[in-house]
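Trainee: Below: one structure in structure tokens.
The values are calculated or read from the model by the stated rules, or taken from the named source; none is laboratory data. In this text, all values refer to a predicted model and were calculated from it rather than measured experimentally. Note: ideal-geometry Cβ built from the backbone for every residue, glycine included; neighbour counts use all protein chains shown.
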């Protein structure tokens, strides 16, 4: 990787490179009273501690200078003003707009979601055979699947109700076949979630689900009671027999991985109840206000972003881990993986010039304590430096008090062991070098409000990183080529490269 810099402030980058040559250890940062006074940030039920990092006030001030020299202020203002900051697709970025209190009060689509979800949950909207809806199958992929699925899994134990949600995303036919086996068509609502209603995986799965419904409910009008759509292509949805009043639209400015706040969250409202969905939106809006107003050194998303930039660009780190100490959050690392890597996995600056510096980190993780018995060996004694975000909750009404106490003891122990280690020069097999950095994000409890805050925090962290790296966080052109080739391979041509033809033969797509 070349080390030339084409960012707004080459001098700021060079200064940080010089500081990285003598980066402090985590142990020295822990004992640095000046840094420790700056290392704890709070916002309502959320407290963030970044004291266990290879960091000092001097380094952090240089990172703030790097931020100041970037397009950060322009992009942040553009996000909240509705400017077309998604410049390659020539549109605004609207996910913060749709979770403001004013929007929640006045948006007709949100009112329709409230009415429909309440009627389904109350048994007022029944299926074609006049039985109550008990199961909802959400068919979508990417942002139309992972966000709502993560939220429903995280919060359904504390928000029990009459609906069980299921999610189908993979075009692998086994997934939808197994899902349909768990449901009865007479008591199932199928949501087809696709912005364009052309996504290949989603439409194939929708075709299977609709055939399943048609066998049990031949009458098209009655069958329509079992169908809903979330899309910007209402006419395409209606051609499949979905009633217009059960089609819920959202704006073109809502990107897939930022869309759970929109009508893509219909399944959340059905599973958890509309009040929980509203609380999720308002929790995110709380973080929006903090991000918009807090000064950079006290701005939680900004601080976490600058740490990622410090490690990725100056300490040559390639990955970061997300470890929630809450089993209900086990999809959260995968959700952040999509948000972070699809947004920041770019090699081109906003103006179209090559980005001749590292952008984006590989994002991965698993819940604690399961991760401790899987990959923590590498984190403690391996040769890769992996900064970690540990997520914890002070209370958990679902867990037994003693179990939750032990869970938090493990959380504290891992942060300490990674940071300080335990030298054993006489037996290197038992030597813990320490100097492994981590942040602690501690919440009062896992609620719709705190989950909304947490998701929005990472959204704004991504925006901040994109500003410093000068890349567009709101497109994903890198996924398009594979989609195009998959369609082209359906009808192999004689001009196809011999290697490709051989590959199709190996995959049993050619005789």
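Trainee: If I go through segment 180-212 residue by residue, how many of them are touching a strand residue (DSSP E or B) at 6+ places or on another chain (Cβ under 7 Å) and buried (at least 21 other Cβ atoms within 10 Å of the Cβ)?
Mentor: Counting residues in segment 180-212 that are touching a strand residue (DSSP E or B) at 6+ places or on another chain (Cβ under 7 Å) and buried (at least 21 other Cβ atoms within 10 Å of the Cβ) gives 10.
Trainee: Here's a follow-up. Given 4, 33, which one is surrounded by fewer than 17 Cβ atoms within 10 Å (Cβ to Cβ) and at pLDDT below 95?
Mentor: 4
Trainee: Which of the residues that make up segment 482-511 are part of a loop (DSSP other than H, G, I, E, B), surrounded by 12 or more Cβ atoms within 10 Å (Cβ to Cβ) and under 35 Å from the mean Cα position of the chain (by Cα)?
Mentor: Hits for segment 482-511 are 489, 509.
Trainee: Checking residue 63 against (1) at pLDDT 95 or above; (2) in a helix (DSSP H, G or I); (3) out of contact with any helix residue (DSSP H, G or I) (no Cβ under 9 Å at 6 or more places or on another chain), which test does it fail?
Mentor: Just one mismatch for residue 63, condition (3).
Trainee: State all residues of segment 418-435 that are touching a strand residue (DSSP E or B) at 6+ places or on another chain (Cβ under 7 Å) and either assigned to a loop (DSSP other than H, G, I, E, B) or outside the structural domain of residue 385 (by TED's automatic domain parsing) (or both); if no residue qualifies, say none.
Mentor: Correct list: 421 only.
Trainee: Quick one: which helices (runs of 4 or more DSSP H) sit completely within segment 300-409 and have at least 3 residues that are buried (at least 21 other Cβ atoms within 10 Å of the Cβ)?
Mentor: Correct list: 300-309, 332-344.
Trainee: Any residue that is more than 21 Å from residue 128 (Cβ to Cβ) and in a loop (DSSP other than H, G, I, E, B) - is there at least one of those in segment 208-223?
Mentor: No, segment 208-223 has no match at all.
Trainee: Related question: Between residues in segment 483-504 that are within 24 Å of residue 199 (Cα to Cα) and residues that are at pLDDT below 80 and assigned to a helix (DSSP H, G or I), which pairs lie under 7 Å by C-beta distance while being six or more apart or on different chains?
Mentor: none
Trainee: Does segment 40-52 hold any residues that are in contact (Cβ under 8 Å) with a residue 24 or more places away in the chain and either under 24 Å from the mean Cα position of the chain (by Cα) or within 11 Å of residue 468 (Cβ to Cβ) (or both), and which are they?
Mentor: 41, 43, 44, 45, 46, 47, 48, 49, 50
Trainee: So which of 441, 446, 454 ends up being surrounded by 15 or more Cβ atoms within 10 Å (Cβ to Cβ) and in a strand (DSSP E or B)?
Mentor: From the options 441, 446, 454, the qualifying one is 441.
The rows are residues; the columns are (1) touching a residue at least 60 places away in the same chain (Cβ under 8 Å); (2) over 28 Å from residue 343 (Cα atoms).
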position: 362; (1), (2): no, no
position: 371; (1), (2): no, no
position: 378; (1), (2): no, no
position: 386; (1), (2): yes, no
position: 407; (1), (2): yes, yes
position: 411; (1), (2): yes, yes
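Trainee: With more than 28 Å from residue 37 (Cβ to Cβ), at pLDDT below 95, surrounded by 18 or more Cβ atoms within 10 Å (Cβ to Cβ) and not assigned by TED's automatic domain parsing to the domain that holds residue 64 as the only criterion, which of 251, 273, 255, 265 stands out?
Mentor: 255 is the lone residue from the list that is more than 28 Å from residue 37 (Cβ to Cβ), at pLDDT below 95, surrounded by 18 or more Cβ atoms within 10 Å (Cβ to Cβ) and not assigned by TED's automatic domain parsing to the domain that holds residue 64.
Trainee: Right, residue 317: under 19 Å from the mean Cα position of the chain (by Cα) and touching a residue at least 12 places away in the same chain (Cβ under 8 Å) or not?
Mentor: Here the answer is no, as residue 317 does not meet what is asked.
Trainee: Now for a separate question. Report yes if some residue within segment 6-16 is in contact (Cβ under 8 Å) with a residue 60 or more places away in the chain, assigned to a helix (DSSP H, G or I) and over 18 Å from residue 292 (Cα atoms); otherwise report no.
Mentor: yes
Trainee: Which of the residues that make up segment 264-287 are farther than 27 Å from residue 345 by Cα and in contact with a strand residue (DSSP E or B) (Cβ under 8 Å, 6 or more places away or on another chain)?
Mentor: 266, 267, 270, 271, 286 - these are the residues of segment 264-287 that are farther than 27 Å from residue 345 by Cα and in contact with a strand residue (DSSP E or B) (Cβ under 8 Å, 6 or more places away or on another chain).
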